[in-house]
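The values are calculated or read from the model by the stated rules, or taken from the named source; none is laboratory data. Here the structure is a predicted model, which is why all the values come from computation and not from measurement. All Cβ positions, glycine included, derive from the backbone under ideal geometry; neighbour counts span all protein chains shown. The protein model used for the area step is the full one, side chains on, heavy atoms only, and it has no ligands, DNA or RNA in it. Shrake-Rupley method; radii C 1.70, N 1.55, O 1.52, S 1.80 Å.
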Amino acid sequence: MSNPRWKQRPPGSNWGDFGVDDQLGRLNLITPEKLKQGLAEVQDGRAFCLSLPLDYPGGSALNPNRHPPILRPTLRRGKVNVNCQLGELEPGRPDVLSDDLAILHLQYSTQWDGLPHVGSLFDVYGDGIARPVYYNGYAAGTDLLGPDDVADAGLSPNIKLESTSCARALGIEHMAQTCVQGRAALIDLRAHYGDAHTLVGYDEMMRVLDRDGVEIEAGDIVCIHTGFADVVLGMNRQPDPAVLKQSCAVLDGRDERLLQWITDSNLAAIATDNYAVEAYPARDDDHCCASLPLHEHCLFKLGVHLGELWHLTPLAAWLRARGRYRFLLTAPPLKLPGAFASPVTPVATV
């Protein structure tokens with residue numbers, strides 16, 4: 001199997017399985033039938049917002065590259081456009097107007113990692129040269145673009161009011177177009193491991209699934225509750241990295257059997273309430289392989305989108321009290337062409 005972008009695909013990947021130019025990955029498994037299965041889980045007519053306030057976790061102590069949202073008013077004919085009395089511009093008008101803008105780091109809070117978020121060096125042409133590529137062989141510098149000058153990245157004092165990066169392929173708008181609506185299954189690690197830092201591999205995951213009677217089927221979106229977001233909320237926008245590093249369950253991205261389970265289950269996407277889904281830095285990190293092995297496996301090889309910092313605790317408690325674990329999930333990202341990731345306000349309906 002090959003296509004114009006690659007002659008060989010990474011071992012264990014599904015490149016090409018959904019088509020030569022596929023940009024959705026395993027979201028293709030959310031079929032109309034999966035949506036109907038999700039709708040069938042709506043029994044009580046109650047909805048849960050699964051997003052943190054987007055100014056959480058607070059500050060930049062957890063990641064110096066990401067910062068809280070900035071809100072500013074726009075201008076209206078040279079006036080500050082908040083509580084702006086239109087009568088001062090057009091005599092006789094009673095209108096009072098407010099209009100604002102936001103500067104968002106798209107992966108600061110509750111988010112979807114898009115497929116352009118993590119790629120890898122791989123010899124796609126079999127010529128002995130490892131090239132930087134992303135899911136389905138889309139290439140850095142051709143399909144994903146960014147500036148060469150650091151002055152055109154980040155928030156410099158003299159920032160230009162123009163975009164300087166773009167995913168010509170794999171942009172988050174493709175995910176948004178699907179609406180990301182279907183049946184979801186919640187795995188409640190917190191109920192079994194509490195808030196202690198626990199590295200969860202295949203064996204630990206299977207024990208939880210067995211004890212709770214959870215079955216993951218093809219096309220399900222898997223939500224993993226660890227309690228991490230709940231701990232973050234309790235810190236009131238002043239996160240303590242040392243405490244959080246020792247808090248809650250986290251997936252072991254170095255466990256090959258866990259990664260194989262993700263492959264074999266045919267799940268459509270994974271969303272967790274912790275910071276990176278997997279432990280970072282990964283176990284036994286000797287710089288020989290990916291620093292985020294689960295991200296590489298999911299985003300790069302399988303096209304499995306990853307959600308991070310979702311707020312799952314109220315939903316998890318409600319489901320457990322009723323002996324349920326499935327629900328309808330609606331979680332489209334922002335339809336922002338060319339973006340690598342996006343904030344999201346997921347909604348669970350039960």
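General remarks:
- Distance distribution note for the range 1-140: the fraction of Cα pairs above 23 angstrom is 65%.
- Local charge for A102 was computed over the other residues whose Cβ lies under 12 Å away, with Lys and Arg +1 and Asp and Glu -1, and equals -2.
- Remark on I187: its backbone amide H falls under 5 Å from those of C223, I224, H225, a criterion applied only to residues 5 or more positions apart or on other chains, H modelled at 1.01 Å from N.
- Counting every alpha-carbon pair across the range 144-285, the share separated by more than 20 Å comes to 60%.
- The residues of the chain expose, per residue, 47 Å² of accessible area to a 1.4 Å probe.
- Among beta bridges from DSSP that stay inside the range 164-313, the antiparallel ones total about 5%.
- Beta bridges assigned by DSSP with both partners in the range 19-171 are antiparallel in approximately 95 percent of cases.
- Debye-formula intensities of the chain, expressed as log10 I(q)/I(0) at q = 0.09, 0.10, 0.12 Å⁻¹, are -0.53, -0.65, -0.91 (one equal scatterer per alpha-carbon, no solvent).
- Eligible aspartates and glutamates near K245 by straight Cα distance, threshold 19 Å, same-chain separation 8 or greater: D195, D230, D273, E278, D284, D285, E308
- L209 versus L39: modelled label distance in nm, points set 7 Å from Cα along the beta carbon direction: 2.8
- In a DSSP loop and with at most 13 other Cβ atoms within 10 Å, the trypsin sites (Lys or Arg not before Pro) in the range 228-275 are R237.
- For the chain, relative contact order (Cα pairs under 8 Å, six or more residues apart, normalised by length) works out to 29 percent.
- Unit Cα scatterers, Debye sum, the range 1-70: log10 I(q)/I(0) for q = 0.13, 0.23, 0.28 Å⁻¹: -0.82, -0.94, -1.27
- Once C-alpha pairs closer than 8 Å and six or more residues apart are averaged by separation and normalised to the residue number of the range 75-157, the relative contact order reads 14 percent.
- Computed from phi, the 3J(HN,Hα) profile of the range 56-65 under the Karplus parametrisation 6.51, -1.76, 1.60 (θ = phi - 60°) reads 9, x, x, x, 9, 5, 7, 8, x, 8 Hz, with x in place of Gly and Pro.
- Summed residue charge, Cβ within 13 Å of L24's Cβ, Lys/Arg positive, Asp/Glu negative: -3
- Computed from the C-beta positions of T31 and K79, the FRET efficiency with R₀ = 45 Å rounds to 0.30.
- The mean sequence distance of close C-alpha pairs (under 8 Å, at least 6 residues apart), as a share of the length of the range 203-322, puts its relative contact order at 31 percent.
- Share of carbon and sulfur in the accessible area of the chain stands at 51%, probe radius 1.4 Å.
- Directionally averaged projected area (convex hull, Cα atoms, the range 244-288), nm²: 3.9
- Amide hydrogen neighbours beyond the local backbone of S342, cut-off 5 Å, H modeled: W112, G114
- For K36, a cut-off of 13 angstrom between C-alpha atoms picks up these aspartates and glutamates, skipping any fewer than 8 places away in its own chain: D220.
- Listed by chain and number, the lysines whose alpha-carbon sits under 21 Å from that of K7, ignoring those within fewer than 8 places in the same chain, are K301.
- Stokes-Einstein D in µm²/s, Kirkwood radius over Cα pairs - the range 247-328 at 10 °C with 1.306 mPa s viscosity: 114
- Taking every DSSP bridge with both residues inside the chain, close to 65 percent are antiparallel.
- Once the Kirkwood radius over Cα pairs is known for the range 282-349, the Stokes-Einstein relation at 25 °C and 0.890 mPa s delivers a diffusion coefficient of 164 µm²/s.
- Extension gain for L97 to S265 (0.36 nm times residue separation, less C-alpha to C-alpha distance): 55.3 nm.
- Mean residue ellipticity (222 nm) of the chain, computed from DSSP H runs ≥ 4 via -39,500 (n - 2.57), nearest 500: -4500 deg cm²/dmol
- Loop exposure criterion: GluC sites (Glu not before Pro), DSSP state outside H, G, I, E and B, at most 13 other Cβ atoms within 10 Å. Applied to the chain, the longest stretch between such sites is 1-161.
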